[in-house]
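*Asks:* Below you'll find the structure I mean.
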Amino acid sequence: MSAELPNVVFVLGGPGAGKGTQCAKIVEKFQYVHLSAGDLLREERNTEGSAYGELIESHIRNGTIVPVEITCSLLATAMKKSGNNKFLIDGFPRNKDNLDGWQKEMGDKTNVQFVLFFDCSQEACMERCLQRGAAGSGRSDDNEESLKKRFQTYVKDTMAIIEHYDALGLVRKIDASQSPDQVFEDVTKAFE
Ligand code: UP5
Ligand code: MG
């Protein structure tokens, strides 16, 4: 743990738990840089000439997880480009491959401050994402079929990562079923 290393807060929780919504609020209040792994992957998918476009889209639609080499390199590039030294890394690491790849590439270049875990029921999460889809999110995974798979992956792969950090005493768990403002009150406490 060095004071000079960039600080990282991993933001985890089920699909639709409110990670992006809360990160936007944290950025305003605490001046972190928000890097959503999902947003970076969608941007890469949409980049003309990307060698990974189809691979990324197929993982997103199926709710499965893109190989860490791709995600980690997008994150590292965005971190470098920002010139900042505190980051919210939203939606990553999601499985053991992600965790191992991060440790290997970034483990000794960053300091993981803590993991913010947004805890929310599957029903509430699904409802939020379906509503967002119906309102025209344009996300190819805001449909019932993809959402079921996203949740399966979350339970099968991502919970183990949260448990890994919990065993290290690094998890700050937030009840994400409340209103966005109520959730943010608890988030604020976690940062202060
Ligand atoms: N909303 C938010 N908070 C609310 C609240 N408290 N009460 C009521 N409504 C609330 O919110 C979702 C919706 O709910 C919005 O309409 C919001 O207004 C409302 P949001 O803040 O967007 O939640 P978030 O947790 O960010 O949901 P998101 O859908 O982004 O979560 P996912 O984790 O599923 O999506 P992500 O973009 O991270 O990943 C998508 C896919 O990319 C993955 O399935 C995977 O295939 C791939 N991926 C990788 O392979 N590797 C990675 O490292 C990351 C992603
Ligand atoms: Mg999100």
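The values are calculated or read from the model by the stated rules, or taken from the named source; none is laboratory data. If you're wondering where the values come from, they're calculated on a predicted model, not measured in any experiment. Backbone-built Cβ (ideal geometry, glycine too); neighbour counts: all protein chains shown.
*Asks:* Please give the number of the condition residue 191 fails out of (1) touching a residue at least 24 places away in the same chain (Cβ under 8 Å); (2) within 27 Å of residue 45 (Cβ to Cβ); (3) touching a helix residue (DSSP H, G or I) at 6+ places or on another chain (Cβ under 9 Å).
*Replies:* Of (1) touching a residue at least 24 places away in the same chain (Cβ under 8 Å); (2) within 27 Å of residue 45 (Cβ to Cβ); (3) touching a helix residue (DSSP H, G or I) at 6+ places or on another chain (Cβ under 9 Å), only one is false for residue 191: (2).
*Asks:* Would a scan of the range 81-90 turn up a residue that is at pLDDT 95 or above and over 27 Å from residue 184 (Cα atoms)?
*Replies:* yes
*Asks:* A further question on this structure: Anything in the range 166-192 that is of a type outside the set (D, E, K, R), over 23 Å from residue 29 (Cβ atoms) and part of a helix (DSSP H, G or I)? List them, or say none.
*Replies:* Correct list: 167 only.
*Asks:* Are any residues in the range 133-148 without any contact (Cβ under 8 Å) to a residue 40 or more places away in the chain, surrounded by fewer than 18 Cβ atoms within 10 Å (Cβ to Cβ) and assigned to a helix (DSSP H, G or I), and if so, which ones?
*Replies:* 134, 144, 145
*Asks:* What are the residues in the range 2-35 that are small (Gly, Ala, Ser) and either within 12 Å of residue 118 (Cβ to Cβ) or within 12 Å of ligand 1 (Cβ to nearest atom) (or both), if any?
*Replies:* 13, 14, 16, 17, 18, 20, 24
*Asks:* Step by step: first the residues of the range 50-73, then only those that are surrounded by 14 or more Cβ atoms within 10 Å (Cβ to Cβ) and of a type in the set (D, E, K, R), then the one that is farthest from residue 149 (Cα to Cα). Which residue is that?
*Replies:* Taking the candidates together, the pick is 57.
*Asks:* Tell me, which residue of the range 163-182 that is within 13 Å of ligand 1 (Cβ to nearest atom) and under 17 Å from residue 10 (Cβ atoms) is surrounded by the fewest Cβ atoms within 10 Å (Cβ to Cβ)?
*Replies:* 174
*Asks:* For the range 75-103, which residues satisfy the criterion of being without any contact (Cβ under 8 Å) to a residue 60 or more places away in the chain and surrounded by 20 or more Cβ atoms within 10 Å (Cβ to Cβ)?
*Replies:* 75, 101, 102 - these are the residues of the range 75-103 that are without any contact (Cβ under 8 Å) to a residue 60 or more places away in the chain and surrounded by 20 or more Cβ atoms within 10 Å (Cβ to Cβ).
*Asks:* Here is a follow-up. Quick check on this structure: which one of 126, 106 is more than 20 Å from residue 25 (Cα to Cα), touching a Leu at 6+ places or on another chain (Cβ under 6 Å) and touching a residue at least 24 places away in the same chain (Cβ under 8 Å)?
*Replies:* 126
*Asks:* Within the range 25-41, track down each residue that is part of a helix (DSSP H, G or I) and closer than 20 Å to residue 102 by Cβ.
*Replies:* Hits for the range 25-41 are 37, 38, 39, 40, 41.
*Asks:* Quickly run through the range 25-49 and pick out the residues that are surrounded by fewer than 14 Cβ atoms within 10 Å (Cβ to Cβ) and either within 13 Å of ligand 2 (Cβ to nearest atom) or touching a residue at least 24 places away in the same chain (Cβ under 8 Å) (or both).
*Replies:* 27, 29, 31
*Asks:* Additional query: Go through the residues of the range 67-84 one by one and say whether even a single one is more than 11 Å from ligand 1 (Cβ to nearest atom), farther than 23 Å from residue 158 by Cα and acidic (Asp, Glu).
*Replies:* no
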